[in-house]
Amino acid sequence: MTVSLARAHGTPCPTAVVDARTMPESEPELLARLTELRTALADHGAADVLKNALIRPSRHPLFDLDYRFVQSMPDSLDSFDLRGSCGHSILAAVEAAARTGMIQPLVPGCRVRVNVLNNGDNVVCEAEETSDGGTRFTAHFLCSPPKPVNDLLITGEPVTGVQFEGSTIPVSLVSMGNPYLFVHAAELGAHTIEDLFADDLVLFDRMTRLRLAVCRAQGWDTTGAFPKVAALLPDGVGSLAVRAISVPSWHPTVALTGATCLAAGAAVEGTIPYLLSGVADQSDSGMLALRTPGATVRASARTTGGPHDRRLAWISVAEKQVDYRGPFLPATASEELSWLPLTA
């Protein structure tokens with residue numbers, strides 16, 4: 001097993017990037033190996049690593065990397081969710097692939113095409129700036145051919161009412177990269193941005209329970225990581241204040257797939273992101289500013305067609321910094337795992 005660690009800024013934890021060519025193909029054996037890796041990481045003080053990216057040179061002629069995401073769940077060392085993806089982990093995987101020689105070294109302006117095996121996403125990772133310790137990227141999530149924006153709505157409607165604690169809460173369920181649940185934060189008692197960004201365990205609990213209520217209403221697995229949940233407040237025209245939950249705590253910013261889902265949702269008339277961002281009042285620039293407790297993230301959606309035939313072509317998220325932490329390689333069965341220097 002060959003493993004490297006890399007971390008995108010603003011994420012809850014590093015990503016363990018695994019060379020898939022050193023792993024078994026069958027799911028039971030794969031998860032057993034990932035359990036071994038997770039145990040070893042925990043034994044070496046890296047129990048917070050809950051994201052796994054399995055990569056290999058792509059078998060498809062139009063891509064550079066095949067990528068598969070596996071989310072480690074916090075309840076036990078052998079608990080995983082194989083659904084969905086992670087945009088920040090895609091960038092971490094590209095960084096590690098370049099550092100370990102799986103793909104060409106990164107230079108400003110180069111583009112790495114990633115085939116996401118979990119959900120069929122096509123992601124182009126463009127290097128903006130490189131240094132000895134990491135790379136700053138723009139991530140482009142492509143729809144080929146362009147997708148009707150209404151197809152992004154999981155329930156087929158911009159807003160869906162969910163029965164929650166004796167009342168009906170309006171939510172928007174959007175899927176672009178990952179499924180997301182968006183709710184007006186005021187519905188959960190957070191009426192100001194200060195309320196939203198406070199370390200409020202009551203708000204965290206209400207968001208978690210709302211997510212479970214949506215899962216039950218839709219017949220989805222309540223034990224997995226998806227859909228993700230984010231509470232929103234308006235923050236001026238073309239801007240949203242966002243508080244999101246990751247696994248198993250507050251997200252320090254917002255997931256890359258959360259940013260793409262918000263940009264996609266804001267392109268669909270009537271959704272909660274559309275209504276709160278005031279996009280109907282601005283020019284058709286497609287730019288959305290997402291203010292979070294840790295940083296402001298900017299996502300740009302490119303749509304085509306008219307008001308009744310709008311299609312999403314791509315979404316771009318810029319200025320995403322990734323730091324390379326170095327390889328973490330299992331030795332022989334009789335030896336302990338050991339950290340190797342960056343130049344190993």
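The values are calculated or read from the model by the stated rules, or taken from the named source; none is laboratory data. Just so it is clear, the model here is predicted, and its values are computed rather than measured. All Cβ positions, glycine included, derive from the backbone under ideal geometry; neighbour counts span all protein chains shown. Accessible surface is based on the protein model in full, side chains and every heavy atom, while ligands, DNA and RNA are left aside. Shrake-Rupley method; radii C 1.70, N 1.55, O 1.52, S 1.80 Å.
Residues that are more than 21 Å from the chain's Cα centre (by Cα) and open to solvent by 50 Å² or more (accessible area, probe 1.4 Å) within the stretch 171-188 comprise just one, Glu187. Assess whether Leu276 counts as being closer than 15 Å to His184 by Cβ and open to solvent by less than 50 Å² (accessible area, probe 1.4 Å). In short, yes.
Among residues of the stretch 8-35 that are farther than 13 Å from Leu91 by Cα, those with a Cβ under 6 angstrom from a residue that is of a type in the set (A, V, I, L, M) and assigned to a loop (DSSP other than H, G, I, E, B), sequence gap 6+ or separate chain, pair up as Cys13/Val49; Cys13/Leu50; Thr22/Met1; Leu30/Met23; Arg33/Met23; Thr35/Leu77.
Please specify each residue of the stretch 102-122 satisfying the condition of being among the hydrophobic types (A, V, I, L, M, F, W, C) and either more than 19 Å from Val317 (Cβ to Cβ) or in contact (Cβ under 8 Å) with a residue 40 or more places away in the chain (or both). I'd like the intermediate steps shown before the answer.
Start the filter on the stretch 102-122 by keeping residues that are among the hydrophobic types (A, V, I, L, M, F, W, C), which leaves 102-103, 106-107, 110, 112, 114, 116-117.
Matches in the stretch 102-122: Met102, Ile103, Val107, Val112, Val114, Val116, Leu117.
How about the stretch 121-170: which of its residues are polar (S, T, N, Q), outside any strand (DSSP E or B) and open to solvent by 50 Å² or more (accessible area, probe 1.4 Å)? Those that are polar (S, T, N, Q), outside any strand (DSSP E or B) and open to solvent by 50 Å² or more (accessible area, probe 1.4 Å): Ser131, Asn150.
Looking only at the stretch 246-269, how many residues end up being outside any helix (DSSP H, G or I), out of contact with any helix residue (DSSP H, G or I) (no Cβ under 6 Å at 6 or more places or on another chain) and among the aliphatic types (A, V, I, L, M)? Can you show your working first?
Within the stretch 246-269, the first condition is being outside any helix (DSSP H, G or I), and the residues that meet it are 246-255, 267-269.
Filter once more, so that each one left must be out of contact with any helix residue (DSSP H, G or I) (no Cβ under 6 Å at 6 or more places or on another chain): 246-255, 269.
Keeping just the survivors that are among the aliphatic types (A, V, I, L, M) gives 247, 254-255.
Number satisfying all stated conditions: 3.
Whenever a residue of the stretch 77-101 is closer than 11 Å to Val17 by Cα, its partners that are open to solvent by 40 Å² or more (accessible area, probe 1.4 Å) and of a type in the set (Lys, Arg), lying with C-beta atoms within less than 8 angstrom and at least six residues away or across chains, give the pairs Ala92/Arg7.
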